[in-house]
1. Taking trypsin sites (Lys or Arg not before Pro) as candidate sites, keep only those in a DSSP loop with at most 16 other Cβ atoms within 10 Å, then name the longest stretch of the chain containing none of them.
2. Which value results when the Cα radius of gyration for the chain is divided by 2.2 N^0.38 Å?
3. Once you mark the GluC sites (Glu not before Pro) that are in a DSSP loop and have at most 12 other Cβ atoms within 10 Å, what is the longest gap between them in the chain?
4. What Kirkwood radius, in Å to one decimal, follows from the Cα pairs of segment 73-123?
5. Treating only the Cβ of Lys, Arg, Asp and Glu as charged (+1, +1, -1, -1), what charge dipole size does the chain show about its Cα centre? Round to the nearest 20 debye.
6. Once the other residues with Cβ under 15 Å from the Cβ of N77 are scored (Lys, Arg +1; Asp, Glu -1), what is the net sum?
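Bear in mind that the values in this text are calculations on the coordinates, not laboratory data. Please read these numbers as outputs of a predicted model, since none were measured by experiment. Quick reminder, even Gly has a Cβ in these numbers, built from the backbone with ideal geometry, and neighbours come from all protein chains shown.
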Amino acid sequence: QVHLVESGGGLVQAGTSLRLSCAASGRTVSDFAMGWFRQAPGKEREFVTSINLNGEKTYYADPVKGRFAISRDSAKNIVNLQMNNPKPEDTATYYCAASEWGSVTTITSYDYWGQGTQVTVSS
């Protein structure tokens, strides 16, 4: 079992940058595939990016490829989401999640979730 807490959300201007962090406790992030998902008002929660359990592979949804980057820092027991050149359409609540099994891009494969952090991108 692991407890996840996101931080770093806020209001940013388009074309700048933002870094979200997911702090884990109880277990090390290296025990899991770790992912970021987001949910905009009136829309379904969607996959953003993930890193597999071994830290060998990363995955990105098409809308964020080339702009966002996921990283894992096992020493600090955190997973980060670097958001470069954010766009207004990136506005959403961002959730950190941990998966012990299954596909790392599939929402149903994730066992633990953080409370979410709001990101608002202004034009």
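1. Numbers: sites that count: R27, K43, R45, K57, K65, R67, K76.
The longest such stretch corresponds to 77-123.
2. Details: Rg = 13.2 Å, N = 123, 2.2 N^0.38 = 13.7 Å.
So the Cα radius of gyration is 0.97 times the expected 2.2 N^0.38 Å.
3. Numbers: sites that count: E44, E56.
By the stated rule (loop sites, at most 12 other Cβ atoms within 10 Å), 57-123.
4. Working: mean 1/r = 0.0778 Å⁻¹.
Evaluated over segment 73-123, this radius sits at 12.9 Å.
5. Values: 11 positive and 11 negative charges, 52 e Å.
I would put it at about 240 debye.
6. Summing Lys and Arg as +1 and Asp and Glu as -1 gives 0.
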